[in-house]
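Each value in this text was obtained by applying a stated rule to the coordinates, not by laboratory testing. A quick note: this is a predicted structure, and the numbers were derived from the prediction, not measured. Note: ideal-geometry Cβ built from the backbone for every residue, glycine included; neighbour counts use all protein chains shown.
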Amino acid sequence: MKLIFAVVNRDDASTVSRELSRAGFSSTQLASTGGFLRAGNTTILVGVEESLVPAAIEVIKEHSRSRQAIVPTSPDLAFSGMMAAIPTEVTVGGATIFVVDVDHFERA
Ligand code: 2BA
């Protein structure tokens, strides 16, 4: 069994979860925060048999849009007030996906 971690934009999270459910996958949403932008995003966990990983990832990718975000060039320095923020644009998402092995799974 595998566990998929998918970091998605908050605005896409409910659609991704709904479509995963519609495709027969169980999932859990966790509220999360990106370390770079320090903005809220959502991490979706999906436990699946290995053979179904590509199908689950396809659903996640299909419903996760990439977006542009304007951020200070150096959030650490800008947030601490040590220098003027120079706005720059980054592309966020669609989805950032990790797939890890699961040693043990049961519903107790
Ligand atoms: P954040 O860490 O807030 O990053 C948001 C976007 O900022 C990233 O989009 C990327 O375009 C840019 N970015 C991140 N770190 C950067 C850096 N050191 N220098 C320049 N630009 C940087 P995505 O790559 O699509 O990532 C979206 C979110 O996925 C991230 O939000 C983070 O929550 C998660 N993520 C991405 N890569 C990860 C990783 N290797 N490990 C854990 N979480 C990750």
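Provide the descending list of Cα extents for region 8-70 along its principal axes, expressed in whole angstroms.
Computed over the Cα atoms, the extents are 37, 18, 18 Å.
Compute the relative contact order of region 3-44 as a whole-number percentage, counting only Cα pairs closer than 8 Å that sit 6 or more residues apart in sequence. The partial results should precede the final answer.
On the way: 51 pairs, mean separation 20.6, N = 42.
So the answer I get is 49 percent.
Please give, to one decimal in nm, the separation of the simple spin-label points placed at residue 23 and residue 103, each 7 Å out from Cα toward the Cβ.
Result for the modelled spin labels: 2.9 nm.
Which angle between 0 and 90 degrees, to the nearest 10, do you get for helix 53-62 versus the longest principal axis of the chain when only C-alpha atoms count?
Result, in degrees: 40.
Tell me, which longest segment in the chain has none of the chymotrypsin sites (Phe, Trp or Tyr not before Pro) that fall in DSSP loops with at most 14 further Cβ atoms within 10 Å? Spell out each step's value before the answer.
Working: sites that count: 36, 105.
Counting at most 14 other Cβ atoms within 10 Å as exposed, the longest clean stretch of the chain is 37-104.
Set Lys and Arg Cβ to +1 and Asp and Glu Cβ to -1, take the dipole of the chain about its Cα centre, and tell me which of 36, 24, 60 lies farthest positive.
In the chain, that residue is 36.
What's the FRET efficiency of residue 68 with residue 3 using the Cβ-Cβ distance as r and R₀ = 22 Å, to the nearest 0.05?
Details: r = 30 Å, r/R0 = 1.37.
After rounding to 0.05, the efficiency reads 0.15.
In Å and whole numbers, how far do the C-alpha atoms of the chain stretch along each principal axis, longest first?
Each principal axis gives a Cα extent; for the chain these are 52, 26, 19 Å.
At most 16 other Cβ atoms within 10 Å plus a DSSP loop assignment makes a site exposed; report the longest stretch of the chain without any exposed trypsin sites (Lys or Arg not before Pro). Could the numbers behind the result be given before it?
On the way: sites that count: 38, 65, 107.
Segment 66-106 is the longest.
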